[in-house]
Amino acid sequence: MASRLLWASRAASYLRISVSHRGFASVVKDLKYADSHEWVKVEGNTATVGITDHAQDHLGDVVYVELPDVGVSVKQGGAFGAVESVKATSDVNSPVSGKVVEVNEELNSSPGLVNSSPYENGWIIKVDLSDTGEVNSLMDSDQYSKFCEEEDAKH
């Protein structure tokens, strides 16, 4: 009996370790990532921008998304809006420079899409890129996963 309990507690601690080691958040392969936890998907000269699963996980339930106006210029690393959650309000920075050509109006009535579908329905803006080369300075999915693990280890 004792050996079975020992095995069960070993299994439980092993499972706990493997779960926390995998990390927390999903990272999508074909996207690029900024160290401020935004993702960008480039298609031609248009970039779709949102916040990552990791970011929404840390924010908690999103209650409001402040969207920029269409036509506004954004700069790489510059704030263009904010995401307000039950815990905090965070600026959203643009991973790329260009002009906002579309905003996700759905977020006005359903800000929770940022939580439930950060990489698909919860996108925030689309940008007409002024410098496609900027994307090369962003992290790929593997670099971003490692960055998140290191950041979480500090907290």
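Based on this model, can you work out whether Val63 counts as out of contact with any helix residue (DSSP H, G or I) (no Cβ under 8 Å at 6 or more places or on another chain), farther than 15 Å from Asp131 by Cβ, in a loop (DSSP other than H, G, I, E, B) and at pLDDT 95 or above?
Numbers: out of contact with any helix residue (DSSP H, G or I) (no Cβ under 8 Å at 6 or more places or on another chain): yes; farther than 15 Å from Asp131 by Cβ: yes; in a loop (DSSP other than H, G, I, E, B): no; at pLDDT 95 or above: yes.
Judged against the criteria, Val63 is not a match.
Could you please tell me which pairs satisfy a Cβ distance under 6 Å, a separation of 6+ or placement on different chains, a first residue in region 118-129 that is assigned to a loop (DSSP other than H, G, I, E, B), and a second residue that is of a type in the set (S, T, N, Q)?
Pro118/Gln56; Trp123/Thr48; Trp123/Asn104; Ile124/Asn104
Checking Leu67 against (1) hydrophobic (A, V, I, L, M, F, W, C); (2) farther than 19 Å from Val100 by Cβ; (3) touching a Leu at 6+ places or on another chain (Cβ under 7 Å), only one condition comes out false. Which one?
(2)
Within the set of pairs 6 or more residues apart or between chains, which connect a residue that is more than 19 Å from Ser94 (Cβ to Cβ) inside region 132-145 to a residue that is of a type in the set (Gly, Ala, Ser) and surrounded by 14 or more Cβ atoms within 10 Å (Cβ to Cβ) with Cβ atoms less than 9 Å apart?
Ser145/Gly23; Ser145/Ala25
Residue check, Asn121 against (1) modelled with pLDDT of 95 or more; (2) out of contact with any Pro (no Cβ under 9 Å at 6 or more places or on another chain); (3) under 15 Å from Tyr33 (Cα atoms), all met but one. Which one?
(3)
Which members of region 84-102 meet the condition of being touching a helix residue (DSSP H, G or I) at 6+ places or on another chain (Cβ under 8 Å), surrounded by 14 or more Cβ atoms within 10 Å (Cβ to Cβ) and free of Cβ contacts under 8 Å to residues at least 40 places away in the same chain?
Selection gives Ser85, Ser90, Ser97.
The values are calculated or read from the model by the stated rules, or taken from the named source; none is laboratory data. A quick note: this is a predicted structure, and the numbers were derived from the prediction, not measured. Methodologically, a virtual Cβ is constructed for each residue, glycine included, from the backbone with ideal geometry; neighbour enumeration extends over all protein chains shown.
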